[in-house]
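The values are calculated or read from the model by the stated rules, or taken from the named source; none is laboratory data. Please read all numbers here as calculations on a predicted model, not as lab measurements. Every residue, glycine as well, gets a Cβ built from its backbone with ideal geometry; the counts of neighbours run over all protein chains shown. The accessibility values were calculated without ligands, DNA or RNA, using every heavy atom of the protein model including side chains. Shrake-Rupley method; radii C 1.70, N 1.55, O 1.52, S 1.80 Å.
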Amino acid sequence: MHREISARSPQLGAPQRLAGAHIDLTRQRRPGEMVVQAFLYLCAAVSIFTTIGIVVVLVNTAVHFFARPEVTFLDFLTGISWQPRINAFGIWPLLLMTLLISFIGMLIALPVGLMIAIYLSEYAPPKVRSALKPILEILAGVPTVVYGYFALTFMTPLLRSLIGADVVQIYNVASAGLVVGILILPLVTSMSEDALRAVPMSLREAAYGVGATKLETSVSIVLPAALSGLAAAVIVAISRAIGETMVVAIAAGAGPRNFASWGDAINNMALVNPFTAGETMTGYMVRISGGDISYNSVDYDSLFAVGLVLFAMTLGLNIVSRRIVRRFREVYE
Amino acid sequence: MRQLSWLIAAVLAVLVLAACGGAAPAAAPAAEAVVTEAPAEEAVEAPSPAEGELPMVDPLTVTGDIVTAGSSTVYPLSEAMAERFINEGYSGNITIDSIGSGAGFERFCASGETDISNASRPIKESEIEDCAAIGRAPIEIRVGTDALAVVVNPENDWLPEGVTMEQLAQIFSADVVNWSDVHATWPAEPIQRFSPGTDSGTYDFFIEAVVEPVFGEEAETKFLDAANLQLSEDDNVLVQGIAGSKYGIGYFGYAYYAENEGVIDILSIDGVDATPESVDANSYPLARPLFIYTDAGIMQSKPQVAAFVNFYLTYVNEEVERVGYFPASDEALDGARAAWLAAVGQ
């Protein structure tokens, strides 16, 4: 794993003047350089302003939503029924299905992704590695709408034939969750593999030196050493799963799984039944905005409230992942 | 140097692919047809217009773009008319967005983006007011009749005699969960409900014609509170759902049933089947009018819109049954023609 670092090429600079001569570096103007700098600055600014613009629009319209007389903030945070058209504004049915689908997805992506990463980084011969990585990257490049139809036309019939068509509905959460897992698999694999490979060779050599087997080295030395990177990979994958849209819009269902009350929801296994239809936050947003929007309606405003929750969740996860990386990072050499 | 140019080409190709990949999901939910220019293959023979009626349209002489949006029910009909218009020589672009009647009027009356609004229900007072605010006076043009199809899975064997209007309201209400709650001999399995979205004219019509007579004021609450309810603006989502659910039931425009006959079964309502005769005789309880709306000002300033509406009215009866709907009565079509003539000032 040692990389040869080529000797640095000698610095190319301005020819040295005679000692004592006054050189004013600040005066050297390079118009070409300044243009490039300004352009790069502009590019950076565009991305920042876009983000600010999105936040402003989200918050503004969400405030508009909560300012409506029929909407109360408390209902939004505690309600277990979502149907804006008839004044049911509880975010939980959408939130729960988002979490359930992400959970099923992670159940697939996390163990499988980690195992592939360990294999690629610790075991695979270079030849296999160089073949497997591009394949995973192809998987990452497939448009998500294709995954959506894969879920609906392959995964759902498969589940129905395995578990029974009476149990598994045509639109169901399990199928969408499993496919979301496959979808984020390349992400988990490639981030985990980077983390594992960043662990210095000397640690492995030390482990071999005291007689550890390859498995022992991988599991007890390399894995813990790469923990911060792995945690970051997991969290990025979760936030990707939460934000996943097309798969759930196509395969998970097109109506929120509502309950009359929290008691009803908890007593009822239906809350976590993965084989019935459910709608996530992103799925709701796609359905309502999918061509059919009246700007003045509560449906329209509700999109932004849901979007804000989604945004807060992914932002929170990203902040947490940065914290973890900073806190648990093992710095070598 | 050659390697570099290959690299650049590859990067460009990837970018283009990525752009296409990104655009596809956004376009998927809204069925949008951008029918582009097509060569005039068929020679236009001169069909003689009925006496004292609309002037002849020659699509070959019509240019300029037409923007339309609205009901997903009217969409297949408008699409068929636009295709025919193009085949006969129209050289502009006509866009037809399938977004629901309510959203169609939103674009026609509030933002004024469209020239023609497709609707599967008459325009509402509030929408007329919105139109007036931007100086438009909607002209109603009747183009056909739809029979709402109430459909079930082919494996459904407990409804050989169809349903009554009252049972239908019960089936789609929050009062019942299982089929057996509506009728004791029906299976004790949860009803899987499939309905067009809340902004579609089809949904409005169903609530008004089926649910309101039974539940009155509470109709929408009863309907939307029901468990196992899937709502989608995309009628194909509904078709797939019902085709895949033994205990499913749903409803949508007749054309979508006609397109999927065999995959799903239609129910008779109050013992009446949806046929051209029953729709014509008004005995099928779920028949409803289909409209397109435009405005005199638009037709005068954009002659292509007037020409298209004229063309639509002239040939709609030759296309309507192929699309899967029923022709409007002669009086209704004559009324629409008179409205056209008055609007263009002839």
Evaluate the charge dipole of the protein assembly as shown about its Cα centre and quote only its size in Debye, nearest 20, assuming +1 on the Cβ of each Lys and Arg and -1 on the Cβ of each Asp and Glu.
5560 debye
In deg cm²/dmol, rounded to the nearest 500, the helical mean residue ellipticity at 222 nm of chain A, built from -39500 (n - 2.57) for every DSSP H run of length 4 or more, is -20000 deg cm²/dmol
Output the antiparallel fraction of DSSP beta bridges having both residues in the protein assembly as shown, as a percent to the nearest 5.
60 percent
Inter-site label distance for B:ASN87 and B:GLU261 at 7 Å from Cα along Cβ, in nm:
2.0 nm
Shape call for chain A, from the Cα gyration tensor axes a ≥ b ≥ c (a/c under 1.5 means rounded, otherwise prolate when a/b beats b/c, else oblate), comes out oblate
Less than 11 Å Cβ to Cβ from B:ILE292, Lys/Arg counted +1 and Asp/Glu -1: what total charge do the surrounding residues give?
-1
Nearby aspartates and glutamates by direct alpha-carbon distance to A:LYS214 (threshold 16 angstrom, same-chain neighbours under 8 apart not counted):
A:GLU122, A:GLU205
Carbon and sulfur atoms: what percent of the 1.4 Å accessible area of chain A do they account for?
66 percent
If you stretched the chain out fully between A:VAL128 and A:HIS64, how much longer would it get, using 0.36 nm times the residue separation minus the C-alpha to C-alpha distance?
17.5 nm
Which of A:PRO224, B:VAL272, A:ALA265, positive extreme of dipole for the protein assembly as shown (C-beta unit charges):
A:PRO224
Set the Förster distance to 30 Å, then compute FRET efficiency between A:VAL210 and A:THR314 from the Cβ-Cβ distance, nearest 0.05.
0.10
Report the local net charge at B:PRO187: Lys and Arg +1, Asp and Glu -1, summed over other residues whose C-beta lies under 12 Å from its C-beta.
-4
Might you tell me the accessible area per residue for the range B:179-293, computed with a 1.4 Å probe and given in Å²?
36 Å²
Pick out which of A:VAL234, A:VAL59, A:VAL46 has the largest mean-square fluctuation in a Gaussian network model of chain A, springs linking Cα atoms closer than 10 Å.
A:VAL46
Given Cβ point charges of +1 (Lys, Arg) and -1 (Asp, Glu) and nothing else, what value in debye, to the nearest 20, does the dipole of the range B:149-285 about its Cα centre take?
360 debye
Candidates A:ALA232, A:ALA44, A:ALA140: whichever shows maximal mean-square fluctuation once chain A is modelled as a Gaussian network with Cα springs under 10 Å
A:ALA44
Considering only C-alpha atoms, what is the centroid distance from the range B:253-305 to the range A:236-268, in Å?
35 Å
Tell me, in nm to one decimal, what length is gained between A:VAL112 and A:SER161 on full extension, where the rule is 0.36 nm per residue of separation less the Cα-Cα distance?
15.2 nm
List the aspartates and glutamates whose Cα lies under 15 Å from the Cα of B:LYS124, skipping any in the same chain that are fewer than 8 positions away.
B:GLU106, B:GLU140, B:ASP199, B:ASP204, B:GLU208
Chains B and A, summed buried accessible surface - 1.4 Å probe, Å², nearest 100:
2400 Å²
Considering only C-alpha atoms, what is the centroid distance from the range B:111-185 to the range A:155-181, in Å?
30 Å
per DSSP, antiparallel bridges as share of beta bridges in the range B:149-285, % nearest 5, sits at 45 percent
